[in-house]
C-alpha cells in the first residue's frame with residue numbers, strides 16, 4: 001500500500017486564484033500558535049509583522065528598497081523558467097553586473113565626468129550580467145551541459161572575482177587595506193526619490209521592468225514562443241520555433257536584469273563596491289519568481305510581500321524581542337504552505353493498494 | 001469580518017504601544033547591531049556578554065535591543081536606522097563593515113549617539129572604539145616561541161587588514177625575543193567565521209610542520225584540530241579552553257563590558273562625547289585567558305610580560321623595527337610606533353618570509 005499524488009482531472013480556476021490566500025491564512029494560524037508558545041501575544045506580533053510596516057511611510061519606502069532587486073531578478077528568472085531553462089545563477093549575474101558597472105565608477109572617480117556616468121554604469125551592469133548569463137546558456141545549447149550546475153557554479157566564480165577586485169586593484173587607497181572601493185562620486189550614484197529617505201530611482205526601474213515583462217509575455221510573439229517552448233516543446237518544434245535561440249534569449253534577458261539590479265544596489269543603497277553586497281538576492285528571487293507564479297504582476301506582489309516579512313521581522317526583533325530565527329521559520333512555513341496548496345489544487349492524494357510494477361523497478 | 005479583525009488588531013496595537021511608551025519613557029534605550037548570531041562563541045558572543053554585563057550594572061535604568069546576523073551589505077543601513085527610529089538614544093554597531101551606513105544614519109539622526117567598533121570615521125555624534133589586540137598577540141608570540149619544538153608557528157589569518165597584520169607582526173616580535181630564527185607559516189582563510197575552512201587551514205599548517213596554532217578567525221575549530229593532533233594552540237576572542245583542555249595555552253579575549261558600562265554611564269550623566277577609544281590590556285578591553293598547558297617558568301614570563309605592558313614599561317612595537325625589506329621603519333612615536341602607524345599597518349617585520357596578499 002502506498003500514498004501517491006494523482007493529477008486532478010479538472011481544476012477550479014477560482015480555487016487556483018485563492019490558493020495563495022489560503023496559504024497565507026494557514027501561515028498566520030501556524031505563526032499565531034508559535035508566537036503563543038514563545039509567550040508573545042499573537043495578535044500584536046502579527047500586527048508588528050504585517051500592519052505596522054504598512055501604515056508607516058518610512059517602512060513602506062524600505063519595503064520598496066528591499067523588493068527592488070528581488071523583483072527585477074525574479075522577472076528575468078521567470079522568463080527562463082517559462083522557457084524551461086533553469087537559471088540558478090542569478091546571484092552571480094547580479095555580482096558581475098555590480099562589478100561591470102562599478103568599473104566605470106572607479107575609473108571616473110575624482111574626475112569631472114558628467115552625468116552620463118550613471119546611465120553608462122547601468123548599461124554596463126546589464127551587459128555584464130547578460131554576457132555572464134550567456135555562459136551557461138551557450139554551454140547548454142552547444143554541449144548539452146546542465147545549466148543548473150554551470151550557472152550555480154559561476155556564482156562562486158563571480159563572488160571570488162569581486163573579492164579579488166576590492167582587495168586588490170580597486171581597493172580604496174585611503175581605506176587602510178579594508179576590502180572596499182572608495183565611496184562613489186555623486187554622478188555615479190543612483191539618486192533617491194524622496195529627500196532624507198532611501199527610496200531610489202531603482203524602484204521606478206523595477207516597475208518599468210514589471211510592465212515590460214507583462215507586455216513581452218502577453219502581447220509579443222517572442223513571449224508566446226517562450227511560453228510554448230517551456231509548456232509544449234514538441235508543439236514548439238512543429239511550430240518552427242528555434243528553442244536554442246529562445247534559451248539564449250531568456251538567459252541574456254535574465255542576466256541583464258540581474259546585472260542591472262546589481263549595479264543599482266551598489267550605486268544606490270550601498271554606495272561603494274565591497275564583498276557581501278548581496279544577502280542572497282539571486283537565490284531569494286527564485287522563491288519570489290515561483291511565489292508570483294512566474295507572472296510579472298504576481299512577482300511584483302510576491303517581492304513586496306517577501307520584503308514585508310523582512311522589514312516586519314526586523315521590527316518584531318526590536319519591538320517584541322522576537323528572535324530573527326522566527327522570521328526565517330516564518331518565511332519557511334509560508335513557502336511550505338504555498339507549495340502544499342498549489343500541489344493539492346493540481347493533484348490529490350490517493351491510496352494505491354497494489355503498487356504499480358514500474359515504480360517498484362525504478363527504486 | 002476581516003475588516004473587524006483588522007480594526008480590532010489596530011486597536012490592540014495602539015493601546016499596546018501606548019502602554020509600552022509610558023513605561024519605557026524614563027529608561028535609556030540602547031541598541032546593538034551584531035554581525036553574527038549571539039551564539040557564534042566568538043566576536044558577537046563577546047559583544048553580547050558585554051551588553052549583558054552593562055545591563056546588569058544599570059538594571060532598570062536601561063533597556064537594550066539587539067539585531068543579530070545583520071549583513072554588512074545593503075541591509076545594515078536600514079537595520080541601524082530602525083534602531084534609531086525605535087527610540088534608541090545610544091547605538092553600538094559592532095563590525096567594521098557598518099562604517100559607512102553608521103555614518104549615514106548618524107548624519108540623519110543628530111540627536112542619537114552612535115558608536116562604531118573598529119572603524120576610523122567619526123562625527124559629532126559618532127564615536128569609534130576598538131581593542132589593542134596586538135598586545136595579547138605579543139605575549140602569545142613569547143609563549144609560542146618558548147613552547148615550540150619545531151620552531152615553526154602556524155597562523156590562520158582572516159583578511160589582510162591592519163588589525164590582522166599588526167597581530168602577525170606583534171606575534172613575531174614577541175617570538176623573536178626568545179628565538180631569533182622563529183618561522184611563521186600563514187594561511188589566509190578569507191573569512192572571519194567558517195569552521196570548516198578554519199579546521200582545514202589548521203590541518204594544513206600542522207602538516208607543514210607547525211606545532212603551535214594561532215588564529216585571527218573567530219571559531220574554535222582550529223583549537224579542536226590542534227587538540228586532536230596533540231598540538232598546542234591559542235584561542236581567539238573568547239575563552240576556548242573547553243574545546244582544547246590540553247591544547248589551549250591562553251586566549252586573547254575581547255572584553256567589551258567595561259567600555260559599554262563607561263559609555264552608558266556617560267550617556268546617562270549627559271557627558272557623552274564623540275571620541276576614539278582604543279583600549280588594551282590596561283583598560284581591560286583585552287584580557288588574557290588563564291595561562292595553561294605550559295611549565296611554570298613560561299607562565300611566569302607571560303605574566304611578567306603582561307604586567308610590563310599594562311604598566312607601560314613594554315611596548316610591543318618598540319623602535320627600532322625593521323621591515324621585511326631590511327629597512328628600518330620610521331619611528332613616529334618617539335620610542336615606539338605611533339597609533340596611526342599601527343592602525344594603518346601594511347608591512348611585515350623582518351623574519352616573516354611570506355608576502356601580504358594583494359600588496
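Whether any residue in the range A:199-211 is assigned to a loop (DSSP other than H, G, I, E, B), out of contact with any strand residue (DSSP E or B) (no Cβ under 6 Å at 6 or more places or on another chain) and within 12 Å of chain B (Cβ to nearest Cβ) is what I want to check.
Start the filter on the range A:199-211 by keeping residues that are assigned to a loop (DSSP other than H, G, I, E, B), which leaves A:199.
Going one step further and asking which of them are out of contact with any strand residue (DSSP E or B) (no Cβ under 6 Å at 6 or more places or on another chain), we end up with A:199.
Imposing the further condition that a residue be within 12 Å of chain B (Cβ to nearest Cβ) reduces the set to A:199.
Yes, that holds for at least one residue.
Within the range A:1-102, considering only helices (runs of 4 or more DSSP H) that don't extend past its boundaries, which have at least 3 residues that are away from every other protein chain (no Cβ under 14 Å)?
Working: elements: A:13-37, A:42-46, A:57-82.
Those helices (runs of 4 or more DSSP H) span A:13-37, A:57-82.
If only one of B:351, B:340, B:312 is part of a loop (DSSP other than H, G, I, E, B) and without any contact (Cβ under 8 Å) to a residue 60 or more places away in the chain, which one is it? Reasoning before the result, please.
Details: B:351 fails: without any contact (Cβ under 8 Å) to a residue 60 or more places away in the chain; B:340 fails: part of a loop (DSSP other than H, G, I, E, B).
Within the list B:351, B:340, B:312, the selection yields B:312.
If we scan the range B:168-186, do we find a residue that is at pLDDT 95 or above and within 14 Å of another protein chain (Cβ to nearest Cβ)?
The answer is yes, given that some residue of the range B:168-186 is at pLDDT 95 or above and within 14 Å of another protein chain (Cβ to nearest Cβ).
Out of all the residues in the range B:76-93, is one or more within 10 Å of chain A (Cβ to nearest Cβ), surrounded by fewer than 19 Cβ atoms within 10 Å (Cβ to Cβ) and in contact with a strand residue (DSSP E or B) (Cβ under 6 Å, 6 or more places away or on another chain)?
Our first condition is that a residue be within 10 Å of chain A (Cβ to nearest Cβ); within the range B:76-93, this holds for B:76-79, B:81-83, B:85-88.
Applying the additional criterion that residues be surrounded by fewer than 19 Cβ atoms within 10 Å (Cβ to Cβ) yields B:85-87.
Then keep just the ones that are in contact with a strand residue (DSSP E or B) (Cβ under 6 Å, 6 or more places away or on another chain); that gives B:87.
Yes, there is a match, as at least one residue in the range B:76-93 is within 10 Å of chain A (Cβ to nearest Cβ), surrounded by fewer than 19 Cβ atoms within 10 Å (Cβ to Cβ) and in contact with a strand residue (DSSP E or B) (Cβ under 6 Å, 6 or more places away or on another chain).
I'd like to check something: does the range A:175-194 contain any residue that is assigned to a helix (DSSP H, G or I) and touching a helix residue (DSSP H, G or I) at 6+ places or on another chain (Cβ under 6 Å)?
Of the range A:175-194, the ones assigned to a helix (DSSP H, G or I) are A:186-188.
Now narrow it down to the ones that are touching a helix residue (DSSP H, G or I) at 6+ places or on another chain (Cβ under 6 Å): A:187-188.
For the range A:175-194, residues assigned to a helix (DSSP H, G or I) and touching a helix residue (DSSP H, G or I) at 6+ places or on another chain (Cβ under 6 Å): present.
Within the range B:106-117, work out how many residues are buried (at least 20 other Cβ atoms within 10 Å of the Cβ) and either within 8 Å of chain A (Cβ to nearest Cβ) or in contact with a helix residue (DSSP H, G or I) (Cβ under 7 Å, 6 or more places away or on another chain) (or both).
Going residue by residue through the range B:106-117, those that are buried (at least 20 other Cβ atoms within 10 Å of the Cβ) are B:106, B:112-117.
Subset that is either within 8 Å of chain A (Cβ to nearest Cβ) or in contact with a helix residue (DSSP H, G or I) (Cβ under 7 Å, 6 or more places away or on another chain) (or both): B:112-116.
Residues in the range B:106-117 being buried (at least 20 other Cβ atoms within 10 Å of the Cβ) and either within 8 Å of chain A (Cβ to nearest Cβ) or in contact with a helix residue (DSSP H, G or I) (Cβ under 7 Å, 6 or more places away or on another chain) (or both): 5 in total.
How many residues are crowded, with 17+ Cβ neighbours inside 10 Å and more than 23 Å from the chain's Cα centre (by Cα) if we restrict to the range A:229-245?
So the first thing to find is which residues in the range A:229-245 are crowded, with 17+ Cβ neighbours inside 10 Å, and the list is A:229-230, A:236, A:241, A:243.
Subset that is more than 23 Å from the chain's Cα centre (by Cα): A:236, A:241, A:243.
Matching residues across the range A:229-245 total 3.
Could you identify the single residue in A:215, A:228 that is more than 30 Å from residue A:105 (Cβ to Cβ), part of a helix (DSSP H, G or I) and in contact with a helix residue (DSSP H, G or I) (Cβ under 6 Å, 6 or more places away or on another chain)? Can you show your working first?
On the way: A:215 fails: in contact with a helix residue (DSSP H, G or I) (Cβ under 6 Å, 6 or more places away or on another chain).
Result: A:228 is the single residue among A:215, A:228 that is more than 30 Å from residue A:105 (Cβ to Cβ), part of a helix (DSSP H, G or I) and in contact with a helix residue (DSSP H, G or I) (Cβ under 6 Å, 6 or more places away or on another chain).
Read through the list (1) within 14 Å of chain B (Cβ to nearest Cβ); (2) in a loop (DSSP other than H, G, I, E, B); (3) in contact (Cβ under 8 Å) with a residue 12 or more places away in the chain; (4) surrounded by fewer than 24 Cβ atoms within 10 Å (Cβ to Cβ), then give the number of the only condition that residue A:276 fails.
The number of the failed condition is (3).
Scan the range B:98-105 and tell me whether some residue there is surrounded by fewer than 22 Cβ atoms within 10 Å (Cβ to Cβ) and assigned to a loop (DSSP other than H, G, I, E, B).
Of all residues in the range B:98-105, those surrounded by fewer than 22 Cβ atoms within 10 Å (Cβ to Cβ) come to B:100, B:103-104.
This time we only want the ones that are assigned to a loop (DSSP other than H, G, I, E, B), so: none.
No, every residue in the range B:98-105 fails to be surrounded by fewer than 22 Cβ atoms within 10 Å (Cβ to Cβ) and assigned to a loop (DSSP other than H, G, I, E, B).
Which of the numbered conditions does residue B:160 fail, given that it passes all the others? Conditions: (1) within 27 Å of residue A:276 (Cβ to Cβ); (2) more than 14 Å from every other protein chain (Cβ to nearest Cβ).
Only one criterion is unmet by residue B:160, namely (2).
Give just the number: which of (1) loosely packed, with under 13 Cβ neighbours inside 10 Å; (2) closer than 18 Å to residue A:81 by Cβ does residue A:215 not satisfy?
(2)
Working carefully through the options A:326, A:288, find the one that is surrounded by 19 or more Cβ atoms within 10 Å (Cβ to Cβ), in contact (Cβ under 8 Å) with a residue 60 or more places away in the chain and out of contact with any helix residue (DSSP H, G or I) (no Cβ under 6 Å at 6 or more places or on another chain). Break it down into steps so the answer makes sense when it comes.
Numbers: A:288 fails: out of contact with any helix residue (DSSP H, G or I) (no Cβ under 6 Å at 6 or more places or on another chain).
Exactly one of A:326, A:288 is surrounded by 19 or more Cβ atoms within 10 Å (Cβ to Cβ), in contact (Cβ under 8 Å) with a residue 60 or more places away in the chain and out of contact with any helix residue (DSSP H, G or I) (no Cβ under 6 Å at 6 or more places or on another chain), namely A:326.
State all residues of the range B:104-159 that are in contact with a strand residue (DSSP E or B) (Cβ under 7 Å, 6 or more places away or on another chain), touching a residue at least 60 places away in the same chain (Cβ under 8 Å) and more than 30 Å from residue B:291 (Cα to Cα); if no residue qualifies, say none.
B:113, B:115, B:120, B:122, B:125, B:126, B:127, B:128
Yes or no: residue B:144 away from every other protein chain (no Cβ under 14 Å), at pLDDT 95 or above, surrounded by 24 or more Cβ atoms within 10 Å (Cβ to Cβ) and more than 30 Å from residue B:34 (Cα to Cα)?
Numbers: away from every other protein chain (no Cβ under 14 Å): yes; at pLDDT 95 or above: yes; surrounded by 24 or more Cβ atoms within 10 Å (Cβ to Cβ): yes; more than 30 Å from residue B:34 (Cα to Cα): yes.
So residue B:144 passes the test.
A quick yes/no check of all residues on (1) away from chain A (no Cβ under 14 Å); (2) part of a loop (DSSP other than H, G, I, E, B); (3) more than 21 Å from the chain's Cα centre (by Cα):
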position	(1), (2), (3)
B:258	yes, no, no
B:316	yes, yes, no
B:320	yes, yes, yes
B:330	yes, yes, yes
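Name the residues in the range A:3-27 that are in contact with a helix residue (DSSP H, G or I) (Cβ under 8 Å, 6 or more places away or on another chain) and within 22 Å of residue A:298 (Cβ to Cβ), would you?
We begin by selecting, within the range A:3-27, every residue in contact with a helix residue (DSSP H, G or I) (Cβ under 8 Å, 6 or more places away or on another chain); these are A:5, A:7-8, A:11-12, A:15-16, A:19-20, A:22-24, A:26-27.
Of everything in the range A:3-27, those that are in contact with a helix residue (DSSP H, G or I) (Cβ under 8 Å, 6 or more places away or on another chain) and within 22 Å of residue A:298 (Cβ to Cβ) turn out to be A:8, A:11, A:12, A:15, A:16, A:19, A:20, A:22, A:23, A:24, A:26, A:27.
Taking residue A:298, is it more than 10 Å from every other protein chain (Cβ to nearest Cβ) and either closer than 29 Å to residue B:102 by Cβ or part of a helix (DSSP H, G or I) (or both)? Talk me through it step by step, then tell me what you get.
Working: more than 10 Å from every other protein chain (Cβ to nearest Cβ): yes; either closer than 29 Å to residue B:102 by Cβ or part of a helix (DSSP H, G or I) (or both): yes.
Yes: the conditions hold for residue A:298.
Is at least one residue of the range B:35-54 modelled with pLDDT of 55 or more and facing chain A (nearest Cβ under 10 Å)?
At the first step, the residues of the range B:35-54 found to be modelled with pLDDT of 55 or more are B:35-54.
Among the residues that remain, those that are also facing chain A (nearest Cβ under 10 Å) are: B:37-38.
Yes: one or more hits.
Can you find even one residue in the range B:268-285 that is in a helix (DSSP H, G or I), over 18 Å from the mean Cα position of the chain (by Cα) and closer than 30 Å to residue B:115 by Cβ?
Initially, the range B:268-285 is screened for residues in a helix (DSSP H, G or I), giving B:268-269.
If we keep only those that are over 18 Å from the mean Cα position of the chain (by Cα) as well, we get B:268-269.
Next, from what is left, pick out any that are closer than 30 Å to residue B:115 by Cβ: B:268-269.
Yes, the conditions are met somewhere in the range B:268-285.
May I ask you to verify whether residue B:353 is closer than 30 Å to residue B:149 by Cα and away from chain A (no Cβ under 14 Å)? Talk me through it step by step, then tell me what you get.
Values: closer than 30 Å to residue B:149 by Cα: yes; away from chain A (no Cβ under 14 Å): yes.
It is true that residue B:353 is closer than 30 Å to residue B:149 by Cα and away from chain A (no Cβ under 14 Å).
Could you check the range A:1-52 and list, in sequence order, the residues that are closer than 13 Å to residue A:341 by Cβ and free of Cβ contacts under 8 Å to residues at least 40 places away in the same chain?
Residues satisfying the conditions are A:17, A:18, A:21, A:25.
Suppose we keep only residues that are part of a helix (DSSP H, G or I) and surrounded by fewer than 18 Cβ atoms within 10 Å (Cβ to Cβ) within the range B:57-75. Which one would you say is farthest from the other protein chains (Cβ to nearest Cβ)?
Ranking the qualifying residues of the range B:57-75, first place goes to B:57.
The values are calculated or read from the model by the stated rules, or taken from the named source; none is laboratory data. These numbers were taken from a predicted model, which means no experiment stands behind them. Neighbour counts run over all protein chains shown; Cβ positions are idealised from the backbone, glycine included.
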